[in-house]
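Scroll down for the structure; my scribbles are underneath it.
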Amino acid sequence: MGDSNQKSGMSRRNFIKGLGGGIAGATAIAAKTGKAAQEGPHGAMVVGAGPVKISLLINSKKHELTVDPRTTLLDALRNDLDYTGTKRVCNKGQCGACTVILNGKTILACSMLALDADGASVETIEGLAQGNKLHPLQEAFVKHDAMQCGFCTPGFIMSCVSLLRENNQPTLDEIKNGVAGNLCRCGTYPNIFKAVEDAATTIKKGG
Ligand code: FES
Ligand code: FES
């Protein structure tokens, strides 16, 4: 162990000294910039932007909140505002479970900073039902048994809401294309496609 430290040119003593230098450096930067050094992860002193106030219009209701600049829109929705219908599954933009509609377009809430959504209109699964009446897509998902564990379901439904707004009679291929960014590990795809076709017919009839 001592040998490998010598090879890398870094002894334990020097490493600990370096840490002390880092803290002193952060304090010096703070003094120069006038920004307060704060304790970050693992006790490291950091200088940078602190919490920021933002406002979000969620399902037509205005919310004002203060977020750390690193907070994703998904974490702001779930942790700060209790909109837990939007799911965190992969948390890296690969599964679509966190899909919401932002200013009319679907986005992945895990891949957007809450700061970047400041002032935006956000639609989540909680905003679809009108009182006790479910949205036609929600009803069709139940009718066609288009969910098993349900973790992917809110994301699929928000993608399908957006699809049917743009195209109220999609073909099967267009439905598949519309949900191409959503993954269902339970394999409910055939039932999801039937549900979307059914909901499209209901919406077209004015349901
Ligand atoms: S949780 Fe956002 S894409 Fe998977
Ligand atoms: S219903 Fe379980 S992942 Fe889709």
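Data table
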| item | result |
| --- | --- |
| Fewest-first ranking of Asp145, Asp80, Asp75, using other Cβ atoms within 10 Å as the exposure measure | Asp145, Asp80, Asp75 |
| Residue-span extension gain [Asn167 to Asn91] - 0.36 nm each, minus C-alpha spacing | 24.5 nm |
| Value in Å of the Kirkwood radius, where the stretch 136-204 supplies the Cα pairs that are averaged | 11.5 Å |
| Residue pairs, from the table Lys61/Lys87; Lys62/Lys176; Lys92/Lys194; Lys62/Lys92, whose Cα atoms sit over 25 Å apart | Lys62/Lys176; Lys92/Lys194; Lys62/Lys92 |
| For the stretch 77-122, with +1 on Lys and Arg beta carbons and -1 on Asp and Glu, the positive-most of Cys95, Ala114, Thr84 along the dipole | Cys95 |
| Calculated P(r) of the stretch 52-127 - Cα pairs past 20 Å, % | 17 percent |
| DSSP-loop trypsin sites (Lys or Arg not before Pro) across the stretch 46-146, with at most 15 other Cβ within 10 angstrom | Arg70, Lys92 |
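Values in this text are rule-based calculations from the coordinates and carry no lab data. Just so it is clear, the model here is predicted, and its values are computed rather than measured. Because the Cβ atoms are built from the backbone with ideal geometry, glycine has one as well, and the counts that use them run over all protein chains shown.
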